[in-house]
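In what follows, a structure is listed as structure tokens, so that the remarks can point back to it.
Nothing in this text is a laboratory measurement; each read-out follows from the coordinates by a stated rule. Everything numeric here is computed off the predicted structure, so don't read it as measured data. Glycine also receives a Cβ, built like all others from the backbone with ideal geometry; neighbour counts cover every protein chain displayed.
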Amino acid sequence: MLGAMEIDRRLFSGMLPAAAMPAPARDQISLAAWSLSRSFFQAKRWTNLELPRIVREEFGIGALEFVNQFFENPSMRYLNQLRKNGAQHGVKFVRIMVDDEGNMAAVDRKERMEAAVAHRKWVDIAHYLGCRDIRCNMRGGPPDWKHDADLTKRAGESFRDLLDYSKASGLDIVIENHGGSSSDPGVLSRLMKEVNDPRFGTLPDFGNVNPGDDHYSAMRQLLPWAKGVSVKGMWKLDKTHQEYDLDKMIGMVRDSGFHGYWGIESSMGNQRRVPGQPPPPAPPADELWRLDLEGVRLTKAAIVKGVPGAV
């Protein structure tokens, strides 16, 4: 019996795309759906099925990066409608960012291999939608992961299992620097070498570094394995950028020789929670939507400025 949301590949007989979407011939701009997360979770402004229209009509962007948390019910009927919507609006599907499917580096082998199996359904869904890859998280083991000598060895085992499963589909598996051990570029570099598979790579995120680490140095270490970049635009209400120089970061990645999808993952006016204090009140729904849209537009403008020819 199939687990929750598990897709029976027999249903796809004769229907699956022949292969995953090939790498773009030129630099292209994509939208990571997480850029609109506040207007999804807090304002209930849109649904996942509407994203192809929003990406095209609001931003003039032709490529989309899904987030698995936004999929309402990925039945065959639902996925067919999503594919239809993408074709109608001329939007390609790049990847699915996968969260909350277990700890791929858990100390307990049973736990981490269960996480690898839990990701399989997203490989199947991404393949059916014509994506290039799924983005996973590594997570970690003990709280003191900096002194966990077996961390990358354990993670390597579970990711090799997932890569073996994804081989038939041609999909890549990528990891984003996304908190804790996975935001340590040294850890991710060692993991890339441990697995040593051309279909295994990184999705360097401009903003996700551990406290005290340098954004630019972290990106340089992750770029050799990059299968995309996550251009994190963190905008203040006055339209200035915070934490790092976004133009400098884009130029550094461009000059490294990277070519592919420049994924917008933006926020605007998103106040950080102060430890020990209640969270700041959320703006009204219409304001959240406006801020999400403005953050994407500002980040797109920065990419267009810094990456000549990107579309």
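Any aspartates and glutamates with Cα under 15 Å of the Lys193 Cα? List them, leaving off those in the same chain fewer than 8 positions away.
Once the sequence-local aspartates and glutamates are set aside, what remains near Lys193 is Asp150, Glu157, Asp184.
Residue by residue through segment 118-124, which ³J(HN,Hα) values in whole Hz follow from phi under the Karplus form 6.51 cos²θ - 1.76 cosθ + 1.60 (θ = phi - 60°), with glycine and proline marked x?
4, 6, 4, 4, 6, 4, 5
Sorted by average packing, counted as other Cβ atoms within 10 angstrom per residue and highest first, what order do 182-188, 79-85 take?
Output ranking for 182-188, 79-85: 182-188, 79-85.
For Lys167, list the aspartates and glutamates whose Cα falls under 15 Å from its own Cα; do not include residues on the same chain fewer than 8 positions away.
Result set, ordered by chain and number: Asp124, Asp133, Asp197.
Going by average Cβ density within 10 Å per residue, which order do the peptides 59-71, 128-140 take, highest to lowest?
For the peptides 59-71, 128-140, the packing ranking is 128-140, 59-71.
Using Cβ counts within 10 Å as a stand-in for footprinting exposure, how do Glu101, Glu72 rank, fewest first?
Ascending Cβ contact count within 10 Å gives the list Glu72, Glu101.
If each residue's Cβ is checked for other Cβ atoms within 10 Å, how do Glu265, Glu294, Glu50 rank with the fewest at the top?
The order, fewest Cβ neighbours first, is Glu50, Glu294, Glu265.
How would you rank Thr299, Thr47, Thr152, Thr240, going from fewest to most other Cβ atoms within 10 Å of each one's own Cβ?
With the fewest neighbours first, Thr299, Thr47, Thr152, Thr240 line up as Thr240, Thr47, Thr152, Thr299.
Over the alpha-carbon set of segment 154-272, divide Rg by the Kirkwood Rh and report the Rg/Rh ratio to two decimals.
1.00
May I ask what percent, to the nearest 5, of DSSP beta bridges between residues of the chain are antiparallel?
5 percent
Under the rule a/c < 1.5 gives rounded, and otherwise a/b versus b/c splits prolate from oblate, where does the chain land using the Cα gyration tensor?
Taking the square roots of the gyration eigenvalues as a ≥ b ≥ c, the chain is rounded.
With each run of n ≥ 4 DSSP H residues scored as -39500 (n - 2.57), what mean residue ellipticity at 222 nm is computed for the chain after dividing by its residue count and rounding to the nearest 500 deg cm²/dmol?
Only helices count here, giving -11500 deg cm²/dmol.
To make sure I understand the rule: partners must be lysines, Cα under 19 Å from the Cα of Lys305, and not fewer than 8 residues away in the same chain. Which ones qualify?
Lys232, Lys239, Lys248
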